[in-house]
Amino acid sequence: MNQYALSRRGLLKGMGSLGLAAVSSNVCATNGNASFAQEPELASSPVARAVSSFALSDVDLLDGPFLKARIRSQHYLLSLEPDRMLHTFRINAGLPPKADVYGGWESNPTWAEIHCHGHTLGHYLSGCSIMYGATQDVRFKERADYIVAELRDCQTASKTGLLTAFPEGNSLMDTVLSGRKYTGVPWYTVHKVYAGLRDASLYTSNPMALEVLTKYCDWAVTATALLTDEQFQKMLDEEHGGMNEVLADVYEMTGNVRYLTLAKRFCHQKILDPLAKSRDHLDGLHANTQIPKVIGFSRIYQQTGQRDYFAASAFFWKTVTNTRSFANGNHGDGEHFFPVVDFSEHVFSAKTSETCCDYNMLKLTRMLFELNPSAAYADFYERALYNDILASQDPDTGMVTYFQGNRPGYMKLYCSPIDSFWCCTGTGMENHAKYNDSIYFKGAHSVLVNLFIPSVLRLGPGVSLTQTTQFPDIATTKLQWKTNRPVETTVKLRHPHWCRTATVKINGKRFVESRQASSYIELKRVWHDDDVIEFDVPMELRTIPLPGNERIIAFVYGPIVLAGALGREGITPGGDLCVNERLYGTVMNTPFSPPTLTGDPATLIRLAKSTTQPLTFDIPTNRPSTTVRLVPYYKIAHERYVTYWNLDAEEDRLRV
């Protein structure tokens with residue numbers, strides 16, 4: 001699991017403080033790809049994690065793009081009013097509302113058929129709880145505590161554990177459970193409230209949150225008890241979020257096996273069975289419906305050791321990341337997986353890369369990494385974190401994207417502050433709260449450094465490791481020990497897949513050079529106060545071809561996707577704030593002809609000229625005497641861009 005699960009009862013056992021191993025000062029590199037092929041040992045009981053996350057409160061972010069993004073998210077969370085999100089929950093419980101309900105997915109009749117009313121409250125409760133865990137800012141705990149108390153009041157008033165904000169009231173779930181026809185995704189929405197209560201319990205240590213949550217779980221156990229397995233599986237044909245995961249979590253938090261039993265019933269066999277047999281049947285399926293199911297499979301494997309759950313989750317991860325993803329790490333078009341052979345038909349859509357999908361893919365990646373700490377997992381995590389999650393936030397307003405389209409000349413569209421509340425608005429409330437989550441991991445006698453993000457890691461009383469870096473602008477990082485005693489442990493530095501040769505210095509002296517990309521460099525020694533590790537990971541400009549079509553390429557520098565910055569022609573101020581996510585693909589229909597590139601990828605790389613700005617290059621276009629500037633995609637905002645280029649052949653240019 002991620003840290004963000006560290007406080008769970010079962011995960012506290014056996015972790016303790018960082019272990020000390022008697023080792024000599026030496027170094028070795030472990031091949032991440034080789035270890036990736038080895039499956040964790042299977043058991044009929046909880047599976048021991050090879051590594052675990054540090055608590056959010058053990059890591060402080062220092063100045064850099066991730067801290068700035070978190071601060072913007074803090075401002076947005078504090079600007080929202082919990083009573084407006086609680087409006088319909090109170091009505092459904094027979095209580096008078098305290099404030100008017102928000103717009104968009106929370107009330108607008110245009111979205112009534114999807115039944116997402118109330119999902120924002122669950123995400124908001126998670127976001128505030130995680131933000132408190134990350135910052136210890138009491139304002140976020142106060143918000144979380146208030147919402148938990150209000151939900152407790154709703155449960156008391158309604159005399160049932162069920163908590164919903166559906167326009168039809170709580171009776172909608174009776175319809176769902178009866179097998180009668182309905183529209184929308186009620187279980188998906190219910191799951192968000194479950195997850196919010198779980199996170200409030202884990203991060204704010206509010207005992208009432210667990211009380212409300214278990215009462216809600218008890219309702220689910222009773223409400224579904226009479227469903228046959230066939231009826232249950234038919235119900236799971238509709239999107240139901242991560243119900244299997246959250247019920248498995250509550251089992252671990254309480255020890256009540258009824259919740260694990262129900263978690264297994266919430267596992268969709270149509271998805272589990274083929275994935276467990278390494279069969280890819282994902283074509284045409286709604287992407288973010290499937291990922292939470294797979295997260296639940298992984299979670300149940302952690303608790304039971306049942307092989308099919310692990311096999312399904314590991315195969316799904318490899319399939320999606322290796323064969324179905326764009327250069328930014330995300331996938332899909334119009335929220336759906338498409339056949340791999342059809343990449344060329346989908347790549348230039350305005351509706352690629354739904355942000356919620358990477359929210360969940362990163363969650364799955366963290367789980368699998370803890371079982372099998374391969375650099376391949378960490379490489380993907382970095383790729384998606386920079387090029388999708390960090391890239392999803394508006395640097396001016398803190399609002400977030402739904403899709404991040406590849407249509408040439410399109411732009412990022414962001415939610416509005418109080419009239420959208422898309423699914424990605426909700427996951428965005430969580431994404432930018434937990435950036436200190438997966439920078440570091442710990443083994444029995446080791447610290448793994450996965451991400452190059454300025455931060456301070458507290459390893460115990462009087463012992464810390466400070467990472468100072470301007471990555472990715474400068475491809476180096478420095479780690480300095482502050483300790484009141486000698487610390488004997490292994491520091492494992494990720495040698496990224498995109499770096500040919502990585503170099504380590506210790507206390508100013510060259511210590512080791514690694515040519516084994518996608519691996520860990522192990523530094524085993526006794527560390528003293530003010531010992532300094534310097535890590536140099538040179539980056540280079542390269543291209544990534546679209547799967548199945550080498551004439552469609554994206555530019556990357558190290559792990560960073562570079563986009564062609566095309567200016568603001570036809571964009572009115574504020575025109576990229578969008579209330580209705582269904583307008584993606586039509587809101588920017590003003591005529592616009594983006595430049596194109598001519599030649600082969602190797603020639604274009606050779607012709608690219610670096611500028612005085614970090615990570616920026618000028619490349620000649622097919623327009624005489626003109627260039628296009630490539631900049632980090634995560635920095636693009638409020639302007640048109642190109643991420644994928646359909647290269648013209650050289651002879652075509654000559655003919656023109």
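7 Å from Cα along Cα→Cβ at both Asn549 and Asp396: what's the point-to-point distance in nm?
For Asn549 paired with Asp396, the spin-label model returns 3.3 nm.
If packing is taken as the average number of other Cβ atoms within 10 Å across a peptide's residues, how do 420-427, 252-259 rank, most packed first?
Top of the packing list down: 420-427, 252-259.
In segment 540-640, which GluC sites (Glu not before Pro) fall in coil by DSSP and have 13 or fewer other Cβ atoms within 10 Å?
Answer in residue order: Glu540, Glu569.
What's the extension gain from Asp536 to Ser344 if we count 0.36 nm per residue and subtract their Cα-Cα distance?
Full extension of this stretch gives 65.5 nm more.
Between Gln470 and Ile71, what FRET efficiency follows from the Cβ-Cβ distance if R0 is 22 Å, with the result rounded to 0.05?
FRET efficiency, Gln470 to Ile71: 0.75.
When ranked by the protection proxy of mean other Cβ atoms within 10 Å per residue, highest first, what sequence do the peptides 412-418, 287-293 form?
Result, highest mean first: 287-293, 412-418.
So for the chain, taking the charge dipole from beta-carbon charges (+1 Lys/Arg, -1 Asp/Glu), which of Val101, Tyr188, Ile560 sits furthest toward the positive end?
Ile560
What base-10 log of the normalised intensity I(q)/I(0) is obtained for segment 415-513 from the Debye formula, alpha carbons as equal point scatterers, at q = 0.12, 0.14, 0.22 Å⁻¹?
-0.54, -0.68, -1.27
Around Met367, what is the net charge, scoring Lys/Arg as +1 and Asp/Glu as -1 over all other residues with Cβ under 11 Å from its Cβ?
Combined, the nearby Lys, Arg, Asp and Glu give +2.
If you average 1/r over every pair of different alpha-carbon atoms in segment 80-225 and take one over that average, what Kirkwood value in Å do you get?
15.2 Å
Looking at the chain, send over the antiparallel percent of its DSSP beta bridges, to the nearest 5.
90 percent
Roughly how many nanometres apart are two label points built 7 Å out from the Cα toward the Cβ at Arg510 and Glu488?
3.1 nm
Lys/Arg Cβ at +1, Asp/Glu Cβ at -1, dipole of the chain taken about the Cα centre: which of Asn360, Asn646, Asn436 is farthest positive-ward?
Highest projection toward the positive end goes to Asn436.
Would you list, by chain and number, the lysines whose Cα falls below 20 Å from the Cα of Lys351, excluding same-chain residues fewer than 8 positions away?
Leaving aside lysines fewer than 8 places away in the same chain, those within reach of Lys351 are Lys412, Lys635.
If you find the alpha carbon centre of segment 165-180 and of segment 531-571, how far apart are they in angstrom?
Measuring centre to centre over Cα atoms gives 47 Å.
Could you tell me the distance between the Cα centroids of segment 347-389 and segment 62-99, to the nearest Å?
Centre-to-centre distance over Cα atoms comes out at 26 Å.
Can you give the helix-only mean residue ellipticity at 222 nm for the chain, where every DSSP H stretch with n ≥ 4 adds -39500 (n - 2.57) and the sum goes over all residues, rounded to the nearest 500 deg cm²/dmol?
-11500 deg cm²/dmol
About the Cα centre of the chain, how large is the charge dipole given +1 on each Lys and Arg Cβ and -1 on each Asp and Glu Cβ? Please answer in debye to the nearest 20.
My answer is approximately 1140 debye.
Pairs of alpha-carbon atoms within less than 8 angstrom and 6+ residues apart define the contacts here; what relative contact order does the chain have, in percent?
17 percent
Below 8 Å between Cα atoms, with a sequence gap of 6+, how large is the relative contact order for segment 541-655 in percent?
For segment 541-655, the relative contact order is 38 percent.
Taking θ = phi - 60°, what integer Hz values does the Karplus form 6.51 cos²θ - 1.76 cosθ + 1.60 yield along segment 258-264, in sequence order, with x for Gly and Pro?
The phi angles translate into 4, 6, 5, 4, 5, 4, 5 Hz.
Bin all alpha-carbon pair distances of the chain at 10 Å intervals from 0 and give each bin's fraction as a whole percent.
P(r) over the chain, rounded to whole percents: 3, 16, 26, 27, 18, 8, 2, 0.
Please give the FRET efficiency for Val257 paired with Thr590, using the beta carbon to beta carbon distance and R0 = 35 Å, rounded to the nearest 0.05.
E between Val257 and Thr590, to the nearest 0.05, is 0.05.
Any read-out appearing in this document is the output of simple, stated calculations on the displayed coordinates, not a laboratory observation. What you see is a predicted model; the values in this text were computed from it and never measured. Positions of Cβ are backbone-derived with ideal geometry, glycine not excepted, and every protein chain shown enters the neighbour counts.
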